[in-house]
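Worksheet: the structure to be examined is printed underneath.
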């Protein structure tokens with residue numbers, strides 16, 4: 001059975017500006033009231049919710065996250081298929097419930113996130 005996309009995020013130089021842009025454009029509710037000012041997006045009950053934030057290290061873009069059972073196994077498989085690990089399995093700091101994630105680049109350099117099943 002295929003693995004579901006469970007989260008997405010948009011990042012850029014000015015996270016607050018992006019949060020306002022997408023909230024105004026699509027009538028999304030964006031809650032950035034947290035220590036990292038990560039904007040949690042509520043799309044209104046349809047589709048997948050996501051996040052909007054200032055990019056870490058200035059590398060903005062769009063990322064989607066796939067839920068998997070074993071982060072290490074999928075990172076090894078991604079590397080075997082030509083990808084590159086960008087972030088080893090880590091816990092999200094400041095999350096209200098423990099969230100474990102990892103990130104890799106596909107062979108073309110696109111960033112893809114992995115979320116530990118049951119952690120979000």
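The values are calculated or read from the model by the stated rules, or taken from the named source; none is laboratory data. Predicted, not measured: the structure shown is a model, and the values here were computed from it. Glycine gets a Cβ as well: all are built from the backbone with ideal geometry, and neighbour counts include every protein chain shown.
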Legend entry - Single unsatisfied condition, residue 44 versus (1) touching a residue at least 40 places away in the same chain (Cβ under 8 Å); (2) over 20 Å from residue 110 (Cβ atoms); (3) surrounded by fewer than 17 Cβ atoms within 10 Å (Cβ to Cβ): (1)
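Being free of Cβ contacts under 8 Å to residues at least 40 places away in the same chain and in a loop (DSSP other than H, G, I, E, B) is the filter; apply it to the stretch 11-36 and report the residue that is nearest to the chain's Cα centre (by Cα).
Of the stretch 11-36, the ones free of Cβ contacts under 8 Å to residues at least 40 places away in the same chain are 16-33.
Checking the rest, the ones that are also in a loop (DSSP other than H, G, I, E, B) come to 27-28, 32-33.
Working: 27: 20, 28: 17, 32: 15, 33: 18 Å.
Ranking the qualifying residues of the stretch 11-36, first place goes to 32.
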Legend entry - From the options 59, 32, residue that is closer than 22 Å to residue 115 by Cα and at pLDDT 95 or above: 32
Legend entry - the stretch 91-106, residues that are in contact (Cβ under 8 Å) with a residue 40 or more places away in the chain and over 11 Å from residue 75 (Cα atoms): 93, 94
Inset, instruction - Answer yes if at least one residue in the stretch 72-90 is surrounded by 15 or more Cβ atoms within 10 Å (Cβ to Cβ) and in a loop (DSSP other than H, G, I, E, B), and no otherwise. - result: yes
